[in-house]
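To start, the structure under review is shown below, and the notes come after it.
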Ligand SMILES: Cc1cc2nc3c(=O)[nH]c(=O)nc-3n(C[C@H](O)[C@H](O)[C@H](O)COP(=O)(O)O)c2cc1C
């Protein structure tokens with residue numbers, strides 16, 4: 001069972017597909033999740049927020065995978081006060097899981113980051129509200145960017161963050177490292193998952209990873225992309241807040257996938273201080289702390305299904321059980 005649930009946990013999204021996690025599975029103490037600091041993207045993510053969001057999503061996928069197999073989970077976050085890299089300990093409990101958690105399990109192998117243009121069909125408000133509720137249930141808050149004017153201003157902000165980030169020392173080198181990985185490494189951004197770059201007015205700009213090799217359907221270039229932008233925020237501006245926001249991100253993305261929607265997590269505008277401050281002030285307001293943008297919409301009906309992005313083998317992310325436990 002352990003391998004099976006870990007196979008599902010590592011299907012979680014992660015910044016640059018860096019998979020910044022290590023796991024330790026011990027039959028007595030449960031399953032431990034650690035941050036893999038060798039995979040920390042120090043240029044774009046000096047505070048480790050993206051890293052904890054990614055690990056939080058993996059933690060959430062683990063809990064959902066257990067639920068899919070009929071188990072509940074007891075989650076202890078930051079269980080070791082002397083080790084901030086020990087993000088969580090998960091104890092499987094042989095009790096029926098909550099139905100709404102188990103219901104997310106079938107979406108794990110189906111979810112993808114879709115960077116292509118979406119269809120011109122807007123997403124129903126009921127569905128968007130259900131995603132906002134998911135974020136809340138998993139310990140975060142989510143704001144819809146409603147209205148054309150707000151969307152346009154956020155798009156301008158994303159564009160500004162991209163330009164500021166390109167000027168940042170080390171940005172291009174770090175990006176090149178994670179886009180130029182060998183297939184056998186099982187990580188990084190493959191050009192086959194990056195849409196061939198055709199930005200039309202009104203499109204949400206994607207991060208410029210590398211030359212895109214994922215064709216866009218020509219049909220999708222003839223209409224407006226009606227995707228909705230949402231801002232996921234933490235309830236506290238600390239390590240726990242971003243880990244829990246990662247869990248909420250995992251839940252929102254799986255719930256959207258379950259509804260048949262396409263999604264793109266976008267962190268770029270929140271990695272640049274100036275543009276993050278703008279999002280804070282103009283979109284989410286005080287008392288919450290923006291962590292991740294999520295673009296949601298209907299995939300263009302003429303677009304082919306996306307292949308899964310690669311992952312490292314479980315043996316590469318699993319460390320031996322601790323001795324003496
Ligand atoms: C915290 C976080 C930040 C991300 N930021 C971006 C981003 O700015 N642009 C983007 O295209 N994808 C972004 N992604 C998506 C990842 O690149 C994607 O999850 C990874 O490549 C694996 O692909 P998959 O989601 O299809 O499994 C982000 C994901 C996470 C969890």
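Here are the numbers:
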quantity: Residue in segment 261-274 that is farthest from residue 121 (Cα to Cα), counting only those that are in contact (Cβ under 8 Å) with a residue 40 or more places away in the chain and away from the ligand (no atom under 12 Å from the Cβ); calculated: 274
quantity: Test: residue in segment 78-86 that is modelled with pLDDT of 95 or more and crowded, with 22+ Cβ neighbours inside 10 Å; calculated: no
quantity: Subset of segment 295-325 (residues that are touching a residue at least 40 places away in the same chain (Cβ under 8 Å), within 15 Å of residue 5 (Cα to Cα) and loosely packed, with under 14 Cβ neighbours inside 10 Å); calculated: 313
quantity: Residue count, segment 176-191 (criterion: within 11 Å of the ligand (Cβ to nearest atom) and either over 18 Å from residue 14 (Cα atoms) or assigned to a helix (DSSP H, G or I) (or both)); calculated: 2
quantity: Residues being touching a residue at least 60 places away in the same chain (Cβ under 8 Å) and assigned to a helix (DSSP H, G or I) - total across segment 162-172; calculated: 4
quantity: Residue list for segment 106-134, restricted to those being away from the ligand (no atom under 14 Å from the Cβ) and either without any contact (Cβ under 8 Å) to a residue 60 or more places away in the chain or within 16 Å of the chain's Cα centre (by Cα) (or both); calculated: 124, 125, 126, 129, 131, 132, 133, 134
quantity: Qualifying residue in segment 270-280 (condition: crowded, with 20+ Cβ neighbours inside 10 Å and over 21 Å from residue 165 (Cα atoms)); calculated: no
quantity: Any hit, segment 14-27, residues being farther than 26 Å from residue 130 by Cβ, modelled with pLDDT under 95 and surrounded by 14 or more Cβ atoms within 10 Å (Cβ to Cβ); calculated: yes
quantity: Residue within segment 140-154 that is surrounded by fewer than 20 Cβ atoms within 10 Å (Cβ to Cβ) and at positive phi present; calculated: yes
quantity: Hits in segment 110-122 - residues which are surrounded by fewer than 21 Cβ atoms within 10 Å (Cβ to Cβ) and closer than 18 Å to residue 253 by Cβ; calculated: 110, 112, 113
quantity: Qualifying residue in segment 47-57 (condition: surrounded by fewer than 19 Cβ atoms within 10 Å (Cβ to Cβ), more than 24 Å from residue 226 (Cβ to Cβ), without any contact (Cβ under 8 Å) to a residue 40 or more places away in the chain and within 16 Å of the ligand (Cβ to nearest atom)); calculated: yes
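The values are calculated or read from the model by the stated rules, or taken from the named source; none is laboratory data. Here the structure is a predicted model, which means the values were calculated and not measured. Methodologically, a virtual Cβ is constructed for each residue, glycine included, from the backbone with ideal geometry; neighbour enumeration extends over all protein chains shown.
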